[in-house]
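The values are calculated or read from the model by the stated rules, or taken from the named source; none is laboratory data. These numbers were taken from a predicted model, which means no experiment stands behind them. Note that each Cβ is placed from the backbone with ideal geometry, even for glycine, and that neighbours are counted across all protein chains shown.
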Amino acid sequence: MLGTFISHISHDFRTPLTLINTNTYLLRKTNDEARKRELARKIEQQVDYVNRVVNEMLEVVTLEEQVDFNLTPIDIAEILNNVSLFVAGLADDKDIEFLFDEPTHFYHYADARWLERAVRELLLNAVQFTNPGGQISLTLSLAEHELVIRIQDTGIGIPPAEQEKIFQHLYRVDSARTMPGVGLGLTLAKLIVEAHSGTIRLESAPNVGSTFDIVLPRISPASSVETERVHPGDTAPLRLDDDID
Ligand code: ADP
């Protein structure tokens, strides 16, 4: 396990470092200004990538060491709206249809920043693994005991044998690692959702698409205070699970 992890990390660093090295060499050799700018841009991209790998690794370590989640009554609709604004442009750039109807305001005890991050990771994957002309959607549904944030795509799908593995650190179905990505997005999302006493459900079929459900229990504030170090803060007292129109 540690061996695989180290070999993935080495690959994640070696490839961009080799590219930085080559492009720096070429940059020194050329006198063409346009070419210089192009090479500098490539170097910046690789530096950004290495930065992203390091940041995501640190985030995973932080989450695994138990972040003090700030669970307060937050409006889930607002979280989804924020993420949708961010993702809509990316989907549009790739000619993917993004379906999102602003849900009814719904308050739930959660850490706004981290929960938004988890939804964002799943939506970014949906955009990344869906071809132009495809469709992705984001919905919120409420059942008696749980709420479900659903991220659905008509993308490349995930073979059944890979579906559990993709939640592991740095694991990618594309073992040649030809697609961009660090391989920590799902690890982060899973850790965040589990810290909210929830789970991520996955249904997927190759060439049909994937559905990721973030399932959160509709817990009472009293039990969440005991089990999850909640800091309800100064927010106006709300009955948890209130639907507010
Ligand atoms: P990354 O996206 O950075 O590679 P993740 O941990 O988010 O890392 O995902 C791990 C792997 O799971 C991806 O590399 C991809 O192979 C697969 N995957 C995740 N989401 C999807 C999706 N919506 N459709 C198809 N494959 C997916």
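Overview of results
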quantity: Leading residue by the ranking (farthest from Y171 (Cα to Cα)) among those in the stretch 30-85 that are aliphatic (A, V, I, L, M) and free of Cβ contacts under 8 Å to residues at least 12 places away in the same chain; calculated: A34
quantity: Residue in the stretch 124-137 that is in contact with a Leu (Cβ under 7 Å, 6 or more places away or on another chain), closer than 15 Å to I192 by Cβ and not in a loop (DSSP other than H, G, I, E, B) present; calculated: no
quantity: Hits in the stretch 1-42 (condition: part of a loop (DSSP other than H, G, I, E, B) and modelled with pLDDT of 75 or more); calculated: T30, N31, D32
quantity: Hits in the stretch 152-188 (condition: modelled with pLDDT of 90 or more, within 8 Å of the ligand (Cβ to nearest atom) and not in a helix (DSSP H, G or I)); calculated: D153, G155, I156, G157, I158
quantity: Unmet criterion (only one of (1) outside any strand (DSSP E or B); (2) modelled with pLDDT of 85 or more; (3) within 8 Å of the ligand (Cβ to nearest atom)) for N207; calculated: (3)
quantity: Of all residues in the stretch 122-133 being more than 6 Å from the ligand (Cβ to nearest atom) and within 8 Å of the chain's Cα centre (by Cα), the one that is surrounded by the fewest Cβ atoms within 10 Å (Cβ to Cβ); calculated: L124
quantity: Among residues of the stretch 95-117, those that are at pLDDT 95 or above and surrounded by fewer than 16 Cβ atoms within 10 Å (Cβ to Cβ), counted; calculated: 3
quantity: Close pairs (8 angstrom Cβ cut-off, 6 or more residues apart or separate chains): surrounded by 19 or more Cβ atoms within 10 Å (Cβ to Cβ) in the stretch 149-168, in a loop (DSSP other than H, G, I, E, B) and of a type in the set (G, A, S) anywhere; calculated: D153/G134; T154/G134; G155/G134
quantity: Single condition E144 does not satisfy, out of (1) of a type in the set (D, E, K, R); (2) in a loop (DSSP other than H, G, I, E, B); (3) under 18 Å from A91 (Cα atoms); calculated: (3)
quantity: The one condition in (1) assigned to a helix (DSSP H, G or I); (2) within 18 Å of A189 (Cα to Cα); (3) touching a helix residue (DSSP H, G or I) at 6+ places or on another chain (Cβ under 9 Å); (4) more than 13 Å from the ligand (Cβ to nearest atom) that E78 fails to fulfil; calculated: (2)
quantity: Which listed residue, of L90, L63, L85, is loosely packed, with under 14 Cβ neighbours inside 10 Å and in a helix (DSSP H, G or I); calculated: L85
